[in-house]
Every structure is written in C-alpha cells, then in structure tokens.
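Comments concern the structure below.
The values are calculated or read from the model by the stated rules, or taken from the named source; none is laboratory data. Since the model is a prediction, treat every value here as computed from it, not as a measurement. Positions of Cβ are generated from backbone atoms using ideal geometry, with glycine treated the same way; all protein chains shown enter the neighbour counts. What goes into the accessible areas is simple: the full protein's heavy atoms, side chains included, and nothing from ligands, DNA or RNA. Shrake-Rupley method; radii C 1.70, N 1.55, O 1.52, S 1.80 Å.
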Amino acid sequence: MAITTTSPAAARLLETAVNGGRLSTDDALTLMEEASLDDLSAAAVSVKRRISGDDVYYNRNFHIEPTNICRYNCRFCSYRRSPSEPGGWTMSLGQIEEQVKRYADSGITEVHLVGGVHPAATLEDYLEIVRTVRRLMPEASIKAFSAIEHIYVFDKAGVSFDEGLRRFTDAGMNTLTGGGAEIFAPDVRNKICPDKPSGERWLALHEAAHLLGIKTNATMLYGHIESHADRIDHIRALRDLQDRTGGFNAFIPLKYRCAGNSMSHLGECPMSEDLRTLAISRLFLDNIPHIKAYWPMYGAQATQTALLYGTDDIDGTVADTTRIYSMAGVEPPALTLENLRAMIKKAGFTPVERDTFYNAIER
Ligand code: V47
Ligand code: SF4
C-alpha cells in the first residue's frame, strides 16, 4: 500500500538527515516503512544540494565488454553464456583495438571495461586489454572490471589483492567498476548467485584498492527476493568501509530487470520502490559523495524522476556499447549528449560534464 503520510517518527528522522545527522539501520528501515515518497524526495534533494548544489553530472564514456562467457551462473543474469552455448562472444585484442579506435576523436574521458568471467581468462590477458586501451587512449580514464573479475584472475595467478591491483595500475587502470556487489546478505546471495565470491571478498577487494589510493564505485542489485533489511544492511556495509577508507566515489543502485533470465517469474519492483531506495541511499550514505541513477538501466523517463530523489549523476553517453541491460529487457540505449543534458535540465538541475573523479570539464 502506498504511504501517503509520513509518521511523526519518520519525519523526525528526515529532519535529522537534512541537518547532517547520521541515520542508524533501524532509522533507515523506519523511513522505508513510514515515510511518504514526497517527503523522502524533499529530504533527499535537500541533502543532495548540500553536496552538489544544482549540479547533476554526466560523462563521455563507452563500454568494452570483452566477453559474455562466464564461469559463474548468476540467476538474474540475462547476458552470460557458457562456452558451449550459442550467443556467446569473446573479443580478440584486435577487435578491442578497433572498437577503441572508433572513439579516438570523440572527446571520450572514460573507458568502462566489464564482462563475463571467462573460465580461461588469466591476469595477463586482462592486463593486456588494459595496456591496449591505454596505448590507444593515453588521456582517458580506464575503469577496469568488477571485483569479481579481479578476484578470479588474482586467485588463479596466486597473487594477493594488493599485488594484483598494483599490476593493473601499472598497466594503466585508474579505477574499478562497482559491479558484482549484488546483495551482501549470505542467504540471499546464495540463492541468486550461489557460486560467486562472497560479499566479504567483494568488500576486501575494494578495501585493498582504496588503501592503494584507487577510487572505486559500489553497486547494489535490488528488487528481487531481498528484504528491505537486506538492502539497508548492504548500504551499511558500504558506509562502514567508506568510514575507514573514503575510497568510494559513487553508489549505484541497480534495479533487477527480469527479461531472459532464470528469475523472470519474480517480475520487477514498482517504481515507488526504486525512488524509495534511491532517496534512502542518499540520506543514509552520508559519506559517499555521489548517487548514480544509471540511465541505461532505468531508461530515460525513470532517470529524470530519479533526479528528484537525491541522485546527482546519470552516467554517460555509453552509446550502444553495453548489452547487460538490453539483454535483460531494457530498450537499447541511444541517447546523445544533448539528450542527456536535456534530461537533467527538465528535472530542474544544471548539467555538468565530469571526468571519472567528478571534476567538472569545460570544453
Ligand atoms: O554486477 C546483471 C547487474 C552489474 C542484471 O561502476 C543486472 O560506474 C539488473 O556494475 N538486472 C554490472 N542488473 C554492471 C555494473 C555497473 C553498471 C553501471 C555503472 C557502473 C559503474 C557499474 O549489472 C552486475 C549486476 O549487479 N546486473 N544482470 C539484471 N538482469
Ligand atoms: Fe557472470 Fe557477471 Fe552474469 Fe554473474 S552477473 S553470470 S558474474 S556475467
């Protein structure tokens, strides 16, 4: 049932957050259950304005997805294929070079690398991909792979997280994607991605990166079988790590999209759940500067609405270079820079092009 009136207890908590106070996990749960969407929106935008004023960020990026063949079998994933299945792809270094060259003069400031975890992949293969991109795009930031891909090749090579990450930075990597976090709660994780590395290992990999001075992003896959308490506990673990390291740039809640995977019967959560989750993330994560409404996953219209719930980043041009969401039923991304800027303006904010580290770019 829709919550139309905020309870007195929830109203006090909203005031606490707006005034810069820290919410407990119980407080966040109270907001989930007892705050109206209108009041969540007002409080989350007020906190967002304290951090980034009127600005909402986008960037010029593209994705390289070297393979969709994956040794894991996440039940929510529409994208992965096993080596023997039709529909799999693996790009050669030459094909990666060609793709990068297509973007050579397009003002790209970030290359986002992510894919399946090919069972044959080695640390050296991944490093060679990063070196190739670095050679062709000396100026762009390289955001390379998820913690899950890093952990797989580090374990295989028998190197520590610290040593593996140093080799990646030597090859030209600047930052890591936030992928693979899913939901940390072990009982849910065991059901939706039973063979994937644990939440503890995901957090440990990001901690090792932060301690080396590498900034990273964090995600959460929501809207499937997890409870509100599982969501809050996930962002609590991120906030605890951020208290220790300060290494997260952005938090990116990812809505479970249901087409073409083995959890399709669950359907998708209503938009009110998206907005509640975004706003409460903004209010609870008082130490992570940016909350991203990733437009290729929400779609253009919902992203505009998400900006009224405390988000301050919509990601970038991406173009048609990611297939993770198109294969899960979202319309293929095709928004121009002008479309992105218009989307931000229509929501009442100022579009600002950023680099990977949220510095404004003047052209
Ligand atoms: O970990 C997979 C998610 C993630 C589905 O760091 C799904 O800037 C919804 O991490 N429905 C990979 N989500 C993508 C990712 C990402 C995306 C954008 C920006 C950044 C960043 C990182 O995609 C996976 C998983 O949580 N995912 N399948 C699905 N059916
Ligand atoms: Fe593999 Fe990533 Fe899909 Fe899981 S979400 S099956 S790790 S490609």
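The DSSP beta bridges internal to segment 167-319 are antiparallel in roughly 0% of cases.
What a 1.4 Å probe finds exposed on the chain is 50% carbon and sulfur by accessible area, rounded to a whole percent. Here the label points at LEU337 and GLU85, each 7 Å from Cα along the C-beta direction, are separated by 3.8 nm in the simple model. Close amide H partners of ILE361, meaning residues 5 or more places away or on another chain with modelled amide H under 5 Å apart, are GLU353, ARG354, ASP355. Using Cβ point charges alone (K and R +1, D and E -1), the dipole size of segment 218-363 about the Cα centre works out to roughly 120 debye.
For segment 38-97 versus segment 160-176, the spacing of their alpha-carbon centroids is 20 Å. Residue-wise HN-Hα couplings along segment 36-44, as the Karplus relation 6.51 cos²θ - 1.76 cosθ + 1.60 with θ = phi - 60° gives them from phi, are 6, 4, 4, 6, 4, 4, 4, 5, 5 Hz; Gly and Pro carry x. Working from Cα pairs under 8 Å separated by at least six residues, relative contact order for the chain is 22 percent. Percent of Cα pairs in the chain per distance bin of 10 Å, from zero to the largest separation: 5, 25, 36, 25, 7, 1, 0. Rounded if a/c is under 1.5, else prolate if a/b beats b/c, else oblate: with a ≥ b ≥ c from the C-alpha gyration tensor eigenvalues square-rooted, which is segment 28-171? Prolate. For segment 76-82, backbone phi angles converted through the Karplus equation (6.51, -1.76, 1.60; θ = phi - 60°) give residue-by-residue couplings of 8, 9, 9, 9, 6, 9, 7 Hz, Gly and Pro being listed as x. Restriction of the chymotrypsin sites (Phe, Trp or Tyr not before Pro) in segment 1-99 to DSSP coil positions whose beta-carbon has at most 16 other beta-carbons within 10 angstrom yields TRP89. Taking amide H as placed 1.01 Å from N in the peptide plane, THR90 has no amide H partner under 5 Å among residues 5 or more places away or on another chain. Here each label is just a point 7 Å from Cα along the line to Cβ, and for GLU33 and ASN287 those points are 2.7 nm apart. Of the GluC sites (Glu not before Pro) in segment 86-188, the ones in a loop by DSSP (not H, G, I, E or B) with at most 16 other beta carbons within 10 Å are GLU139. Rounded, prolate or oblate for segment 1-45? Axes are the square roots of the Cα gyration tensor eigenvalues, ordered a ≥ b ≥ c, and the cut-off for rounded is a/c under 1.5. Taking the square roots of the gyration eigenvalues as a ≥ b ≥ c, segment 1-45 is oblate.
The HN-Hα couplings worked out from phi for segment 177-187 by the Karplus form 6.51 cos²θ - 1.76 cosθ + 1.60 (θ = phi - 60°) are 6, x, x, x, 6, 6, 10, 6, 3, x, 5 Hz, whole numbers, x standing for Gly and Pro. Using a cut-off of 20 Å between Cα atoms, the listed pairs LYS143/LYS255; LYS48/LYS345; LYS215/LYS345; LYS215/LYS346; LYS292/LYS345 include LYS143/LYS255; LYS215/LYS345; LYS215/LYS346 as exceeding that distance. Dividing the alpha-carbon radius of gyration of segment 221-345 by the rule-of-thumb value 2.2 N^0.38 Å gives 1.07. Amide hydrogen proximity for LEU254: with H placed 1.01 Å from N in the peptide plane, the residues at 5 or more positions away or on another chain lying under 5 Å are MET220, LEU221, TYR222.
Approximating the spin labels as points 7 Å out from Cα along Cα→Cβ, the LEU266-to-ARG363 distance works out to 3.8 nm. The listed peptides 356-362, 40-46, ordered by packing as a protection proxy, come out as 40-46, 356-362 (highest mean of other Cβ atoms within 10 Å first).
Rounded, prolate or oblate: which fits segment 254-320 when a ≥ b ≥ c are the square roots of the eigenvalues of the alpha-carbon gyration tensor, with rounded for a/c under 1.5 and prolate only if a/b beats b/c? Oblate is the answer for segment 254-320, as a/c is 1.5 or above yet b/c matches or exceeds a/b.
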